[in-house]
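Asker: Quick one: the structure is below, and I'll ask about it shortly.
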Amino acid sequence: MRAIVYRQSGETDVLQLVERPEPVPSAGEVLIRIAVSGVNPTDWKSRRGARPGEPLMFEEVVPNQDGAGTVVAVGEGVDTSRIGQRVWIWESAYQRADGTAQEMIAIPEVQAVQLPDFASWDLGASLGIPALTAHRCLTVHERTRDGLHRSALEGFSVLVAGGAGAVGHAAIQLARWAGATVITTVSSREKELLAIAAGAHHVVNYRKANPAKVIRSIATKGVDIVVEVAPRANATLNQAILGRDSVVAIYASDGDALSIPIRPSMGENLRYQFVMVYTVPQEAKSRAVADVQAALMDGALPVGDEVGLPLHHFSLEQTAEAHKAVESHAVGKVLIDISR
Ligand SMILES: NC(=O)c1ccc[n+]([C@@H]2O[C@H](COP(=O)([O-])OP(=O)(O)OC[C@H]3O[C@@H](n4cnc5c(N)ncnc54)[C@H](OP(=O)(O)O)[C@@H]3O)[C@@H](O)[C@H]2O)c1
């Protein structure tokens, strides 16, 4: 079978297309024929490494965490009725050598979740990292720790920074599904239209005059949850729009350090919660997968131009181009077609 591999960290020229034997599922695993592999920033960051020449954890690595495909065989202990099931895959390459940029993958069965017939391969391959990250951000508030469901966020206002991003898009959809009033910030008219299509109630261009004033006029008691992609750039804005018990859930880094005023933050019982999708507590991760699945089954997580997440398709041979597209901030979702 065909696979993309790298044997050293570095730029996209370390990626090679090779032939490998088909994997055999071990006990507790399913073997999946991958239809579409989803690309996220974590995939090129892992490939490049934190510094030049950083050694890899494995001799040979197949990139990409997310994907979708069909179960074609199962290992010992796995119900054989799963054979033939369409699935979406999460975190396939976390502390493993085997990502989704290949024709077949063997993976623990819990990391392959049923994809309903109405959901496209593109949708299945877009869920993993963005949806699980967004879920964690929305469930670190004191009153949302039990997870998300259709009315979990009723009465909440949520500010999604960067609503045209992949995580931002998933956060808008999940927050909207869970009943929140959703406000989002964007940098352009093009992204404003995408965020509206995604379902945001209010879209604010943060490059235009006084976004804090606009957001305060919508969330008069303050925003309950901020899903934050740029904590440094938005530090002053956030302080101006938070209310009692608000949470800023930070999932990305735009610098080394963040300065937060102590007294005003203390006065409002604010919480700054950092989020790393791979290392969230196991119980929270399991809940995230279950809640994302419930939202998926409700039809709440569609993808595509018309719902604010343009799709960019590449072939397996073009994996390097797909990584470059994500690295250069392609607007929307980058996908690799493997077998449809
Ligand atoms: N911690 C985790 O577990 C985790 C999980 C997933 C992703 N991430 C990280 O999160 C980042 C985003 O991932 P992604 O896949 O969503 O990327 P993406 O699709 O490129 O989206 C990033 C978005 O952030 C927006 N943005 C940048 N600066 C902003 C600001 N000051 N205010 C508001 N929006 C701003 C960008 O638009 P404009 O520049 O036009 O505003 C863009 O829409 C990446 O660095 C990724 O590595 C971390």
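The values are calculated or read from the model by the stated rules, or taken from the named source; none is laboratory data. The model shown is predicted, which means the values in this text are computed figures rather than measured ones. Note that we place each Cβ from the backbone using ideal geometry, even for glycine, and neighbour counts take in every protein chain shown. Only protein heavy atoms, including side chains, enter the accessible area calculation; ligands, DNA and RNA are left aside. Shrake-Rupley method; radii C 1.70, N 1.55, O 1.52, S 1.80 Å.
Asker: Any idea how many Lys pairs in the chain come in under 19 angstrom at the alpha carbon, given 8 or more places apart or on separate chains?
Answerer: Qualifying lysine pairs in the chain: 6.
Asker: For the stretch 131-143, take each phi angle, set θ = phi - 60°, evaluate the Karplus expression 6.51 cos²θ - 1.76 cosθ + 1.60, and give the result in whole Hz per residue in order, putting x for glycine and proline.
Answerer: For the stretch 131-143, the Karplus curve yields 5, 5, 5, 4, 4, 4, 4, 7, 10, 9, 6, 3, 9 Hz.
Asker: May I pose another question? Using a 1.4 angstrom probe with every protein chain in place, what is the largest-first accessible-area order of E59, E190?
Answerer: Descending order: E59, E190.
Asker: Still on this structure: Treat each spin label as a single point 7 Å out from the Cα along the C-beta direction, and report the E317 to A50 distance in nm.
Answerer: Rounded to a tenth, the inter-label distance reads 3.8 nm.
Asker: Using modelled backbone amide H atoms (1.01 Å from N, in-plane), which distant-in-sequence or interchain residues come within less than 5 Å of L56's amide H?
Answerer: The list, which skips near neighbours in sequence, is S9.
Asker: Of T133, F274, A240, whose Cα points farthest to the positive end of the dipole of the stretch 130-278 (charges on the beta-carbon: +1 Lys, Arg; -1 Asp, Glu; origin at the Cα centre)?
Answerer: Among T133, F274, A240, the one farthest towards the positive end of the dipole of the stretch 130-278 is A240.
Asker: Counting only protein heavy atoms and a 1.4 Å probe, tell me what percentage of the stretch 130-278's accessible area is made up of carbon and sulfur.
Answerer: Percent of accessible area from carbon and sulfur atoms in the stretch 130-278: 50.
Asker: Starting from the residue with the highest accessible area, list R340, R232, R2 in decreasing order, probe 1.4 Å.
Answerer: R340, R232, R2
Asker: What is the pair-distance distribution P(r) of the stretch 130-278, computed from all Cα-Cα distances in 10 Å bins starting at 0, with each bin given as a whole percent?
Answerer: Spelled out per bin, shortest first, that is 12, 47, 36, 5.
Asker: Among M104, P302, A73, which residue has its Cα positioned farthest towards the positive end of the charge dipole of the chain, with +1 placed on the Cβ of Lys and Arg, -1 on the Cβ of Asp and Glu, and the dipole taken about the Cα centre?
Answerer: The Cα lying farthest towards the positive end belongs to P302.
Asker: Just to check I understand the Karplus step: with θ = phi - 60° and J = 6.51 cos²θ - 1.76 cosθ + 1.60, what whole-Hz values come out for the stretch 296-309, glycine and proline as x?
Answerer: The phi angles translate into 4, 4, 7, x, 8, 10, x, 10, x, 3, 5, 10, x, 10 Hz.
Asker: Residue by residue through the stretch 62-76, which ³J(HN,Hα) values in whole Hz follow from phi under the Karplus form 6.51 cos²θ - 1.76 cosθ + 1.60 (θ = phi - 60°), with glycine and proline marked x?
Answerer: After applying 6.51 cos²θ - 1.76 cosθ + 1.60, I find 9, x, 5, 7, 9, x, 8, x, 10, 6, 10, 7, 10, x, 4 Hz.
Asker: Please give the charge dipole size of the chain, origin at the Cα centre, charges +1 on K and R Cβ atoms and -1 on D and E Cβ atoms. Round to the nearest 20 debye.
Answerer: Value, rounded to 20: 1320 debye.
Asker: At 1.4 Å probe size, with no ligands or nucleic acids counted, give the accessible surface of S253 in Å², nearest ten.
Answerer: 100
Asker: Another question, then. May I ask you to rank L301, L17 by accessible area, largest first, using a 1.4 Å probe over the protein chains only?
Answerer: Output order, biggest surface exposure first: L17, L301.
Asker: I need the shape label for the chain. Rule: rounded when a/c is under 1.5, else prolate if a/b > b/c, else oblate, with a, b, c from the alpha carbon gyration tensor.
Answerer: Cα axes put the chain in the prolate bin.
Asker: Given Cβ point charges of +1 (Lys, Arg) and -1 (Asp, Glu) and nothing else, what value in debye, to the nearest 20, does the dipole of the stretch 130-278 about its Cα centre take?
Answerer: 280
Asker: Right, here's the next one. Taking only protein heavy atoms and a 1.4 Å probe, what accessible area per residue, in Å², does the chain have with all protein chains in place?
Answerer: It amounts to 44 Å² per residue over the chain.
Asker: What fraction of the DSSP beta bridges in the chain is antiparallel, stated in percent and rounded to the nearest 5?
Answerer: The answer is about 55 percent antiparallel.
Asker: What is the distance in Å between the Cα centroid of the stretch 188-218 and that of the stretch 90-142?
Answerer: 29
Asker: By how many nm would the segment from E19 to F58 grow when fully extended, if each residue of separation counts as 0.36 nm and the alpha-carbon distance is taken off?
Answerer: The span from E19 to F58 would gain 12.2 nm if fully extended.
Asker: Ok, one more. Report the one residue of G162, I215, I172 whose Cα lies farthest in the direction of the positive end of the charge dipole of the stretch 130-278 (charges on C-beta: Lys and Arg +1, Asp and Glu -1; origin at the Cα centre).
Answerer: I215
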